[in-house]
Amino acid sequence: MKIYNCTFFLIYFLISIIACDKADNRSNEINLGAFKVAVILPGPKNDNSWSHAGYEAILSVQKELGTEVAYSENIKEKDFDKTIIYYAEKDFDFIISHGNQFISSLEKIAQQFPQTKFAVVGNYEGNNKNLGSLSFKNEEIAYLCGVIAAVKTKKNRISFIGGIEYENMKELASGFSKGALNINQGIKVSISYIGSWDDKEKAKNIANKEIDAGSDVLAVDADSAGLIIHDIAQKKGIFTIGWVNDQYNIAPGSIVTSAIQRLNVIFLEGVNIAIQGRWEGKSYRFGILEGALDIAPFRGSLSTEQEQQIINIKNEIIIGNRLIDTEK
């Protein structure tokens, strides 16, 4: 893998010359500004899932705040440390690592670069200094998707399929189960993890297993590995719920809705906090009320009455009238 490092912008009489050098671990700097922000993506920027959303979010930071931004995509575990260090040594002010898998590397490197601000996108309490987290109130959207699955099922059995069993995944699975059981105490909720974010063969096996066991609604949050599950379900006449982006076009008519995680909202909030000098190395969480979470249009997949039921529950979450217990 390569990082393409565009580091020098020479401006002379309104003429800009961009010099780009190649180094290890692919990266791409996008725009020059006074404050420098980088995001490190575990998957390809065009995966139509987690990494794509992170890429779009860093572009929104550049557009809205005028900062210099850069990204590295498809970074594997063996390259975590050197990719993070690369940006720290290039004096980036705020380095965002897009997923819980980066935490171990960040904990070490944050100590080496105390003046640099670091964030992981995921569940993490932070070091109360320079390493914190940007995350969603996952229990809210997972609960709502559990309600949707319980409303949609005809077989009284539904499934949540996650990527790797990180804390945020367990939080999502717990919220999903609680939302479904709130609607129907007798419903069977199956929880499975692929153990990977990109192993399509494992995802295929789990999908077939869940469908064969009787699940007729599958909620899928597994990055690129999960995309094949929507295709399998569509071919078998099974419904799915997407995650991160509106994934309807992957399997039109089969995807009931998607849990929308607006990463641009939490990226902008986090960068603003860092720019203002208020980054405290703690957990910063955002939910439906803040516009960071939502559900995609149903497009006729639910009846009018069912849609209204979901909207009512969503509004109860927003105003705080529906208490969602996050204990697992």
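Can we say I211 is over 21 Å from the mean Cα position of the chain (by Cα) and either surrounded by 16 or more Cβ atoms within 10 Å (Cβ to Cβ) or hydroxyl-bearing (S, T, Y) (or both)? Before the answer, list the steps.
Working: over 21 Å from the mean Cα position of the chain (by Cα): yes; either surrounded by 16 or more Cβ atoms within 10 Å (Cβ to Cβ) or hydroxyl-bearing (S, T, Y) (or both): yes.
When the stated conditions are applied, I211 passes them.
Residues to consider are I232, I228, I288, I211; find the one that is modelled with pLDDT of 95 or more, touching a strand residue (DSSP E or B) at 6+ places or on another chain (Cβ under 7 Å) and of a type outside the set (D, E). Even if it seems obvious, please write down each step before you answer.
Working: I232 fails: touching a strand residue (DSSP E or B) at 6+ places or on another chain (Cβ under 7 Å); I228 fails: touching a strand residue (DSSP E or B) at 6+ places or on another chain (Cβ under 7 Å); I211 fails: touching a strand residue (DSSP E or B) at 6+ places or on another chain (Cβ under 7 Å).
After applying the criteria, what remains is I288.
State which residue is nearest to G179 (Cα to Cα) when the search covers only segment 299-318 and only residues that are in a loop (DSSP other than H, G, I, E, B) and either within 21 Å of the chain's Cα centre (by Cα) or free of Cβ contacts under 8 Å to residues at least 24 places away in the same chain (or both).
S303
What are the residues in segment 184-212 that are under 27 Å from Q309 (Cβ atoms) and not in a strand (DSSP E or B), if any?
Listed by number, the residues that qualify are N184, Q185, G186, I187, E210, I211.
Take the residues in segment 21-64 that are modelled with pLDDT under 95 and aliphatic (A, V, I, L, M), then tell me which one is farthest from D231 (Cα to Cα).
A34
Filter segment 236-250 down to the residues that are among the β-branched types (V, I, T) and under 17 Å from G163 (Cα atoms), then identify the one that is modelled with the lowest pLDDT.
Result: V244.
Provide a single number: the residues in segment 273-298 that are part of a strand (DSSP E or B) and among the β-branched types (V, I, T).
1
Does L144 count as aliphatic (A, V, I, L, M) and farther than 26 Å from I317 by Cα?
Answer is no for this residue.
Based on what the data block shows, is D199 touching a Leu at 6+ places or on another chain (Cβ under 9 Å) and either over 15 Å from A259 (Cβ atoms) or not aromatic (F, W, Y) (or both)?
In short, no.
Hey, could you check segment 191-219 for residues that are in contact with a Phe, Trp or Tyr (Cβ under 6 Å, 6 or more places away or on another chain) and among the β-branched types (V, I, T) and say which is nearest to E77 (Cα to Cα)?
Result: I191.
The values are calculated or read from the model by the stated rules, or taken from the named source; none is laboratory data. Here the structure is a predicted model, which is why all the values come from computation and not from measurement. As a convention, Cβ positions derive from the backbone with ideal geometry for all residues, glycine included, and neighbour counts pool all protein chains shown.
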